[in-house]
Amino acid sequence: MTKARIAVFSSKSYDKHSMDAANEKFGFELDYYKTQLNASTAKLVDGYDAISCFVNDVVDTKVLEQLDKSGIKMIALRCAGFNNVDLVEAKKRGFVVSRVPGYSPESVAEHAVAMMLCLNRKLHKAYSRIREHNFNLEGLLGFNLGSKTVGIIGTGKIGLATMKALSGFGCKLLCHDPYINPEAEKLATYVDLDTLYAQSDIISLHCPLTEESHHLIDHEAFAKMKDNVMLINTSRGALVNASDAIEALKSGRLGYLGLDVYELEGDLFFRDLSGQVLHDDVFGLLLSYPNVLVTGHQGYFTDLALSQIADTTLSNIKAYQKGEQTGNEVF
Ligand code: NAI
């Protein structure tokens, strides 16, 4: 592979902008596809040396089969998570799957904190009220963030960055992770999940989606939480059972819900569906609650993060070309 040809899937204008800028020092041939990679679009990979995917591209057995047929063995993810790749099959077939593990964790952490502040101080409501010239404060009462206990689930890079931001507000911090991060231990107390649920006023999710963490936040978990708890999920949608969250909203157990990710976001996010009827009733219901704030997977979306993602993705492909390891390989 001298001048590698790379198919970049799920690409938007901003991806092209950041990838082209980063590519000045790599000189790859980059072709941008707006379409999602999945079994029905997999034929597009013919003639390329590597592909680059994003969070909602579906790299399942069928896609891997097609990649194999086309002689492609390199999948460069432009994200940290890799739950959208069939890793068992990819490993069996000898693929190299790389990711971008540590790009600006502060971008997601700051978004999580922005969601906490917006929900607490009801900025989403105030914004529309003021535009209607309604200056009444009824219903906008907030609390002091610094007086609250925040429970962080997952104390890796983003969890730690969130804790650093929240410690600036003076929050009491609890956290849970199967592995202790010594940096996190300086800011927060590690507790078991039940204690975190029982004592936290705000819970923020920063662990990856795995078989074990799938629907981690379900009916049983809500039952262990404080009344009026705030839940923020900027990690992966399927960490939360959305139907159980609706029940918890109705009962008042869940007082505030901030979602940057949603289990079935693959059919919704990253495109303009305004003017269309949405067929996901659970999502529609969530949007109807005044104490629910949804953003469309934009936690990562800062200028710094985009340029770091582009640079690392292309470095990962360059290393693969040279037969080198970067440490960003998923296995
Ligand atoms: P990381 O790998 O640095 O940290 C994840 C931590 O979660 C690790 O310490 C791990 O031990 C812990 N963990 C694993 N399973 C757990 C469980 N069942 N319970 C509690 N902790 C568990 O990952 P990083 O960079 O902090 O990213 C975290 C997640 O954020 C990613 O997996 C991804 O899903 C999500 N993300 C979301 C973005 C967005 O735009 N909204 C952008 C980037 C990442």
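Filtering the stretch 116-165 to residues that are closer than 20 Å to HIS206 by Cβ and in contact with a Pro (Cβ under 9 Å, 6 or more places away or on another chain) leaves GLY154, GLY156, LYS157, ILE158, GLY159, LEU160, ALA161, THR162. The condition of being among the basic types (Lys, Arg) and touching a Gly at 6+ places or on another chain (Cβ under 8 Å) does not hold for ARG78. Of all residues being part of a helix (DSSP H, G or I) and touching a residue at least 24 places away in the same chain (Cβ under 8 Å) in the stretch 18-45, which is nearest to GLN66 (Cα to Cα)? Just the residue, please. Of everything passing the filter in the stretch 18-45, ALA42 is nearest to GLN66 (Cα to Cα). Of all the residues in the stretch 276-310, those that are under 27 Å from GLY102 (Cβ atoms), assigned to a loop (DSSP other than H, G, I, E, B) and among the acidic types (Asp, Glu) number 0. When GLU110, GLU138, GLU106 are screened for being of a type in the set (D, E, K, R) and not in a helix (DSSP H, G or I), only GLU138 passes.
Of all residues in the stretch 155-198, those satisfying the criterion of being part of a helix (DSSP H, G or I), over 21 Å from ALA80 (Cβ atoms) and hydrophobic (A, V, I, L, M, F, W, C) are PHE169, LEU193, LEU196, ALA198. Just to be sure, is SER200 small (Gly, Ala, Ser), surrounded by fewer than 17 Cβ atoms within 10 Å (Cβ to Cβ) and away from the ligand (no atom under 12 Å from the Cβ)? Taking the combined requirement at face value, the residue does not satisfy it.
Just to check your reading of the model, which residue among ALA184, ALA238 is crowded, with 19+ Cβ neighbours inside 10 Å, over 18 Å from the mean Cα position of the chain (by Cα) and modelled with pLDDT of 95 or more?
Selected residue: ALA184, the only one of ALA184, ALA238 that is crowded, with 19+ Cβ neighbours inside 10 Å, over 18 Å from the mean Cα position of the chain (by Cα) and modelled with pLDDT of 95 or more.
Criterion applied to VAL88, VAL150, VAL96, VAL108 was being closer than 30 Å to VAL45 by Cα and touching an Asp or Glu at 6+ places or on another chain (Cβ under 9 Å), and the one residue passing it is VAL96.
All of (1) more than 16 Å from the ligand (Cβ to nearest atom); (2) in the same structural domain as GLU211 (by TED's automatic domain parsing); (3) out of contact with any helix residue (DSSP H, G or I) (no Cβ under 8 Å at 6 or more places or on another chain) hold for VAL88 with one exception: (2). Within the stretch 106-133, the set of residues being within 16 Å of the ligand (Cβ to nearest atom) and not aliphatic (A, V, I, L, M) comprises GLU106, SER107, GLU110, HIS111, CYS118. Any idea which of THR326, THR313 is in a loop (DSSP other than H, G, I, E, B) and among the hydroxyl-bearing types (Ser, Thr, Tyr)? Being in a loop (DSSP other than H, G, I, E, B) and among the hydroxyl-bearing types (Ser, Thr, Tyr) holds for just one of THR326, THR313, which is THR326.
The values are calculated or read from the model by the stated rules, or taken from the named source; none is laboratory data. Because the structure is predicted, anything quoted here is derived from the model rather than measured. Here Cβ is always computed from backbone atoms with ideal geometry, including for glycine, and neighbour counts include all displayed protein chains.
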